[in-house]
Structure formats: structure tokens, C-alpha cells
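**Student:** Take a look at this one; I'll ask things after.
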Amino acid sequence: MAQAYSAGLTVTDSIILKKERILPLKGKVLVKKGDKVKAEDLVAETFLPGNVVPFNLANKLSIPGNLINQYVKIKAGDQIKKGDVIAETKGFFGIFKTSIKSPINGEVENISSITGQLLLREPRIPVQVKAFIDGVVVDIIKDEGVVIENKSAYIQGIFGIGGERFGEIKLLVSSPDEIADVKKVDESCKGKVIVCGAIIPYAVVKKAQQVGVSGIITGGIDDHDLKKLLGYNIGVAITGHEQVGLTIVVTEGFGKINMAGKTFELLKRFDGHKSSIHGITQIRAGVMRPEIVIPIEFKEEELKEPEVKITTLEIGTTIRVIRQPNFGLIGKVTGLPEKLTKVESESLVRILEAELENGEKVIIPRANVEVIEE
């Protein structure tokens, strides 16, 4: 049977996942191998140095820099609080003293008896890494992080915004082509991951922000609404760091696009179940996709190394069209002719034959589709 490689998105009701949870710089690992963790649990932490604040003490005391050691009340390495006296003159007969107080909370980095300057450092900034998925710690990376495994239902999106969040799946629609009604977004949606069908209207996003929705899963999104939400046009760099109060995972693309039937049925099946999601997207080297992870119960002996499977195009493979015409439609491969075929651009390319979900039979360049992994 003819086969060909093609990038694809995974949609499955059962997969063994392995996630590395790594600190940006060396720190402390808070769990040990074999521990069972929840998605919200901290597994590692470190501290970034605080900002340095120069402070001209000699100027404040109106003295030469080489005399400040006579007046300082602190030394390098001391912890200080805002308002603490860090230097004081002797005054006359014990009165008319000049007291200099710390402008920040933090510590004393350096005292220069040449320039009369202090270098104060603001408090260290904690950086904490959570497990992200319920699972078992199967490996420890010393001073850096952990590897966690679990068994999950798993969906990759095509685009997203916002970071890692957690919440129960809550369907607001009854079919993949329905559009969520803003009236259905109420206090019952607080902390939930809501499923919104074919497209997410801007009004629904704003209401979701107001009630404290954790995340939104949608087939499509309007690029004008996205710009309105973010305040700028989204670029081609990595997304996932947007501060909009929730995470959005788009499963199909831009515009009104029905959510793939398999994706919708999977979300419907797990309505009310806990999920972990993120919107991190990178479409260039080192491709990264938004993810929806729904942990399911497992026995530890089930956590075996998954077989590495190369995604291929073959007869019967489920595909999504990723360019116009028919952008976003799902179909099944019905033929893979080997002969090069001339297309509209006059280029000779390899094509495939497919039957789309609407029943239409089409011929498409292979580069214009992606596989939806079973």
C-alpha cells in the first residue's frame, strides 16, 4: 500500500504521555521518583535574582565617599526592610542626627567606600514549576526538574493563546457546528474549561473573562476578535505567554469552522472530567502545539514506553485540509497516485484523492493536508 509522511495532530481517547517539567535555571526538586502528583502540585522551584537598586549614600549624607564606613549600620549580605535605618550621622551632642532609611525590601549587595554607593538588591523572584498533568514521577533531573508520566485522553489543537491552566470540561454546545450562546456563560463556568463548538464569539470570551473561566476550546476563532482581545496582531513567534486571564485552544483554524467530529465526541465523552490545557503554539522549527490533556485512571505497570510511530498518509487516513479551497474540512484519503500532477500554479506535485466530510470527492496536493492521528 502506498504511504507518505505528513505532519499531523493527535486526537485519542488513550495515550501514555511523558512530560518533562524543567526549571529555567538550576534550583530545587520538590518531589522524588515514584511520587504520585496532581497537575496543580509544585514539583520544582528556583529563585531569580532581584533587581539591583543603586543608592548614593555619600550624597544622602553629604560626605565624601571614603567616609561612609563611619556611618553605615549594615554590611554586605544583610537582609533589609523598607524603612530600616541603614546609615546615621552622630550629630551634635547626640542631637541633629541624620538617619538614612532603606528604600526597598531586599538585601545589601555591595558597599563601596570609594564611590560612596550602595548596591541594594530587591527580593529574589520565585520561579515554580507545576506538574501540569496528574501522574507518576518516573525520573528526576537533578537540580533541574522531573519527568512525569500518565495515561490520558489527549487532543492537540492547531493554535492557541495563554499558558497552562486546569479545570473540568464543560460543554456549552450540543454539536460541533453550534455556536455558544453568551447567556450560557455564568457562574457555573467559573474555573471550568468550556467547549464552544464552531467559533467563539468575542462576547463569549469577554463574559468568560468576567466569570473566571479557566479555558476555552473552540473549533475556530475570528482573527479580528483575537486582535481586539490582545490589542495587537498575533505574530509568528511562540504564543502562550499572553495575559488575558484564560487560555484558548483552537482545534481547527481561523474563522467559523466546525469542530472535528472525533474531537467533539471525545470532549463530550469526558464532559465533567478534570483537564489540563495550554495554548503554546510554535509553527516553525521545533513545532509546538496547544494541548488538552484529560487524565484517566491507570495502573503503574501500564506506563510503558510508547512505540514511536511515524505519521503516514495511506488509504483510509483521516486528514484535515490546511489551505484553501476547503480549508479546515476533514476527510478520508481514498487514493494516493504516484504520478506527479500539474496543479493551478503550473507546478508538478504529488496529490492525493480524498472524500471530505460533506461527501465531496476532491484531489488535493499532499502538502495541503495534515494527518489527524488516530
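The values are calculated or read from the model by the stated rules, or taken from the named source; none is laboratory data. Only a predicted model underlies this, so the values are computations on that prediction, with no experimental measurement involved. Cβ sites come from the backbone with ideal geometry, for glycine too, and all protein chains shown count toward neighbours.
**Student:** Looking only at region 219-231, count every residue that is small (Gly, Ala, Ser) and either at pLDDT below 90 or assigned to a loop (DSSP other than H, G, I, E, B) (or both) and tell me the total.
**Tutor:** 1
**Student:** Another question about this same structure. Can you tell me which residue in region 347-374 is surrounded by the fewest Cβ atoms within 10 Å (Cβ to Cβ), limited to those that are within 20 Å of Gly253 (Cβ to Cβ) and small (Gly, Ala, Ser)?
**Tutor:** Checked region 347-374; the qualifying residue surrounded by the fewest Cβ atoms within 10 Å (Cβ to Cβ) is Ala367.
**Student:** Is there a residue in region 267-274 that is of a type in the set (Lys, Arg) and either farther than 26 Å from Ile133 by Cβ or not assigned by TED's automatic domain parsing to the domain that holds Ile133 (or both)?
**Tutor:** Checking region 267-274: not a single residue is of a type in the set (Lys, Arg) and either farther than 26 Å from Ile133 by Cβ or not assigned by TED's automatic domain parsing to the domain that holds Ile133 (or both).
**Student:** Can you confirm whether Ile234 is in the same structural domain as Ser152 (by TED's automatic domain parsing), modelled with pLDDT of 90 or more, over 19 Å from Asn368 (Cβ atoms) and surrounded by 14 or more Cβ atoms within 10 Å (Cβ to Cβ)?
**Tutor:** So Ile234 does not fit the description; no.
**Student:** May I ask you to say which residue of Val146, Val173 is in a strand (DSSP E or B), modelled with pLDDT of 95 or more and not assigned by TED's automatic domain parsing to the domain that holds Ile63?
**Tutor:** Result of the check over Val146, Val173: Val146.
**Student:** Please tell me if Glu344 is over 28 Å from Ala198 (Cα atoms), touching a residue at least 60 places away in the same chain (Cβ under 8 Å) and loosely packed, with under 13 Cβ neighbours inside 10 Å.
**Tutor:** no
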